[in-house]
Amino acid sequence: MNWRVYILAVTTFAVGLVELIVGGILPNIAKDLNVSLATAGQLITIFALVYAISAPVLLSLTAKVERKRLFLISLFIFTLGNLMTFFSTTFTVVLIARIFTAMSTALVIVLSLTITTRIVEPRHRAKALGLVFMGVSSALVIGVPMGIFITEAFGWRAVFLGISILSTISMVLIALLLDKMPIGEVVPLKKQMKSLANLKILTAQLTTLFMLAGHYMLYAYLTPFLVEAFDMNASWISICYLIFGIASVSGNAVGGWVSDKIGTSKALILIVSTFALVLFSIPYTVIALPVFLLFTVLWGALSWALTPPLQNYLIQADPQSSDIQQSLNTAALQIGISIGSALGGAVFAFTGSVMHLASFGTLLVLCALGCAIFSIKRAPVSHEHSADYSSAQHHS
């Protein structure tokens, strides 16, 4: 496997920190900028929304830009956005900086995926994609603890200065060690979005959306779940998050390995169905903490194991639009997180208990399983569909 994939993984780690790290230091940001906690929470909301929209749109607008050059430009804007946050004096400035970092993060992660698929052999593709996503999930493992530690020692702004330094190092490594990438097929956004009219592609994308929505119905409220179930203190809650995060990192690698071993389609069915069983079982494991922790490991691993095989599945299903499918999949992931968090909050408010969230989340995961099965059983994207892309390319 091409060793440059590890550079891309380090880069996705650096940019992945920006979205994940804010949750742990929101009170510090709110207090320093003299805004309410709810207002500070908009920093997370705006990031997810801009991220979801930017991925497909920006990839289309920059289709004629050489990939390595675009990668470096995106990282430069990302670095500036974090420096803007570091020097900010008002909440409005931080909010604007979040918009810039969300847009550039979307491009960097999608480009990391598309470049990975071009520099590795097909037989190693799923494993390589798993390594790149391991960068993001590694940010999940240490992002919040790292952010809290740095904030306590140096203030919350230092967190974003540190991320700027990491992204600068990534820029240097990419500039020196990554070869130029030829410009791929130029397909207008209208034609790219038209790919979703194909039910095989649409339901594959919905698999990610429903899977993440089901997952985040409980994960977004894991802390109150741990308090209600075990009356945990802060130290034990941190340990549970760490266990979950480590499992998530391994899940990316396992997902890629399983896909390479048994095939992409079988891997999708296995991962989603097993995840549904594990998520449904979570409330029943609170009878004993060791049992719960075991299922937490399975839950964490499976929650991120879907991404590598699904990315590979989308490439196989429609190679002509592989770039846009990966960006749309990233958008589907972010939308799923938003929907799951919102529905989880609504159920929590209505029932007054977090114990029901896993059951409702399982229903969404079963929708993901149905979408996956439907997509797999559909015929491959037709030659006529590919011809549409070729025609669009020649007329653009």
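The values are calculated or read from the model by the stated rules, or taken from the named source; none is laboratory data. Quick caveat, the model's predicted, so the values are computed rather than measured. Positions of Cβ are backbone-derived with ideal geometry, glycine not excepted, and every protein chain shown enters the neighbour counts. Remember, those area values only see protein heavy atoms, side chains included, never the ligands or the DNA or RNA. Shrake-Rupley method; radii C 1.70, N 1.55, O 1.52, S 1.80 Å.
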So, Leu298, is that one out of contact with any Gly (no Cβ under 7 Å at 6 or more places or on another chain), of a type in the set (A, V, I, L, M, F, W, C) and open to solvent by 10 Å² or more (accessible area, probe 1.4 Å) or not?
yes
Tell me which helices (runs of 4 or more DSSP H) are completely within region 182-262 and hold 3 or more residues being over 18 Å from Ser137 (Cα atoms) and at pLDDT 80 or above, or say none if there are none.
199-219, 222-230, 234-262
Of the residues in region 30-68, how many are within 18 Å of Ile115 (Cα to Cα) and more than 23 Å from the chain's Cα centre (by Cα)?
3
Run down Val272, Val354 and say which single residue is β-branched (Val, Ile, Thr), surrounded by 20 or more Cβ atoms within 10 Å (Cβ to Cβ) and not in a helix (DSSP H, G or I).
Val354
Taking the options Trp299, Trp304, name whichever one is closer than 18 Å to Thr223 by Cα, outside the structural domain of Thr105 (by the TED database) and aromatic (Phe, Trp, Tyr).
Trp299
Across region 135-156, which residue is nearest to Ile239 (Cα to Cα) among those that are among the small types (Gly, Ala, Ser) and buried (at least 23 other Cβ atoms within 10 Å of the Cβ)?
Gly143
Do you know which residues across region 208-234 are open to solvent by less than 10 Å² (accessible area, probe 1.4 Å), closer than 26 Å to Tyr284 by Cβ and within 21 Å of the chain's Cα centre (by Cα)?
Met211, Ala213, Gly214, His215, Met217, Leu218, Leu222
The condition from (1) open to solvent by 30 Å² or more (accessible area, probe 1.4 Å); (2) modelled with pLDDT of 90 or more that Ser88 misses is numbered (1)
Test of understanding: among Val172, Val132, Val159, which residue is open to solvent by 60 Å² or more (accessible area, probe 1.4 Å), at pLDDT 80 or above and part of a helix (DSSP H, G or I)?
Val172
Any hit, region 308-323, residues being of a type in the set (Val, Ile, Thr) and surrounded by fewer than 21 Cβ atoms within 10 Å (Cβ to Cβ):
no
Considering only region 242-269, state which residues are open to solvent by 10 Å² or more (accessible area, probe 1.4 Å) and under 17 Å from the mean Cα position of the chain (by Cα).
Ile246, Val249, Ser250, Ala253, Val254
Quick one: what pairs do we get from region 237-249, first residue closer than 12 Å to Leu293 by Cα, second polar (S, T, N, Q) and assigned to a helix (DSSP H, G or I), C-beta under 8 Å, 6+ apart or different chains?
Ile237/Thr223; Cys240/Thr296; Ile243/Thr296; Phe244/Thr296; Ala247/Thr296
Can you run down the residue pairs with Cβ atoms below 9 Å, 6 or more apart or on separate chains, where the first is in region 58-84 and closer than 15 Å to Ile109 by Cα and in the same structural domain as Leu107 (by the TED database) and the partner is among the aromatic types (Phe, Trp, Tyr) and open to solvent by 30 Å² or more (accessible area, probe 1.4 Å)?
Ile77/Phe100; Phe78/Phe100
In region 27-74, residues that are of a type in the set (Ser, Thr, Tyr), part of a helix (DSSP H, G or I) and under 15 Å from Val94 (Cβ atoms) total 2
Given the conditions (1) open to solvent by less than 30 Å² (accessible area, probe 1.4 Å); (2) part of a helix (DSSP H, G or I); (3) at pLDDT 75 or above, and given that Ser341 satisfies all but one, which numbered condition is not satisfied?
(1)
Residue list for region 175-184, filter: more than 26 Å from Asn252 (Cα to Cα), of a type in the set (A, V, I, L, M) and open to solvent by 60 Å² or more (accessible area, probe 1.4 Å)
Leu176, Ile183
Taking the stated definitions as given, is Val50 in contact (Cβ under 8 Å) with a residue 12 or more places away in the chain and farther than 19 Å from Gly336 by Cβ?
no
